[in-house]
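The values are calculated or read from the model by the stated rules, or taken from the named source; none is laboratory data. This structure is a prediction, so every number in the text was calculated from the model and none was measured. When we count neighbours, we look across all protein chains shown, and the Cβ atoms used for this are built from the backbone with ideal geometry, even at glycine. All accessible areas refer to the heavy atoms of the entire protein, side chains included, with ligands and DNA or RNA removed. Shrake-Rupley method; radii C 1.70, N 1.55, O 1.52, S 1.80 Å.
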Amino acid sequence: YTLLFVLPTTVGMSLMAGDLVAVVYGAQYSGAVPALAVLVWANPFMFLGSLYGTLLIVLNAERTLIPLSAAALVVSGIANYLLVPSLGPVGAAWASVVTEGAVAAAAFWAVRRRLGPIGGGALMLRPVMVAGAVAAALLGLHAASGLWRALAGVLTFAAGAVAVDLVTADWVRVRLMM
């Protein structure tokens with residue numbers, strides 16, 4: 001369920017990076033927009049890597065995390081070495097995405113090696129569908145102001161989450177009682 005929030009948010013932030021930077025920092029930081037649009041894609045991988053890393057601890061496999069961290073350092077170093085000279089800050093952003101993706105994949109395989117096949121592929125389709133709907137709404141309104149696009153993205157996310165049964169009446173009721 002973490003991906004329910006992370007994936008559509010990532011899509012929204014990537015597509016609205018220019019609006020976000022302009023509102024939060026002002027036009028003088030517009031040069032950061034391309035890097036932000038790429039960097040937010042590290043988020044889904046970071047969440048998955050954290051989940052699988054925690055599972056490794058629960059499975060009493062903490063020692064796996066040390067070589068995994070060392071491998072991440074190597075991947076990050078190589079990716080930055082290859083991408084930053086030609087792409088600058090956008091290259092550094094891509095290096096972060098690649099590194100977090102590698103960490104998530106390695107941690108997933110380490111957990112899978114201990115638990116066997118891990119299901120959930122069909123469950124992943126739901127957040128992807130909601131993220132796709134958010135992307136369609138934002139791209140369809142590309143000429144609209146940032147506020148209208150943001151509102152459309154949030155409403156599309158909410159409607160999509162309900163439509164694919166990721167958010168149910170019971171889910172809302174439990175959160176309102178907290």
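For the chain, the relative contact order works out to 29 percent when only alpha carbon pairs closer than 8 Å and six or more residues apart are counted. If you take the Cα centroid of segment 1-27 and the Cα centroid of segment 88-121, the two points sit 21 Å apart.
Could you sort 94-103, 130-139 so that the peptide with the highest average Cβ count within 10 Å comes first and the rest follow in order?
94-103, 130-139
Membrane-span-like helices in the chain: DSSP H runs reaching 30 Å or more (Cα, own axis), mean Kyte hydropathy at least 0.0?
On the way: long enough: 65-87 (32 Å, 1.77); 89-115 (39 Å, 0.78).
Length and hydropathy pass: 65-87, 89-115.
Within the shell defined by Cβ-Cβ distances under 15 Å, the residues around V58 carry a net charge of +3, with Lys and Arg each +1 and Asp and Glu each -1. Ranking I78, I66 by solvent-accessible area of protein heavy atoms (1.4 Å probe, all protein chains present), from largest to smallest, gives I66, I78.
With the simple spin-label model, which puts each label point 7 Å out from Cα in the Cβ direction, the V172 to A70 separation comes to 5.2 nm. In plain terms, if you count all Cα to Cα distances in the chain and split them into 10 Å steps from zero, the share in each step is 9, 28, 32, 24, 6, 0 percent.
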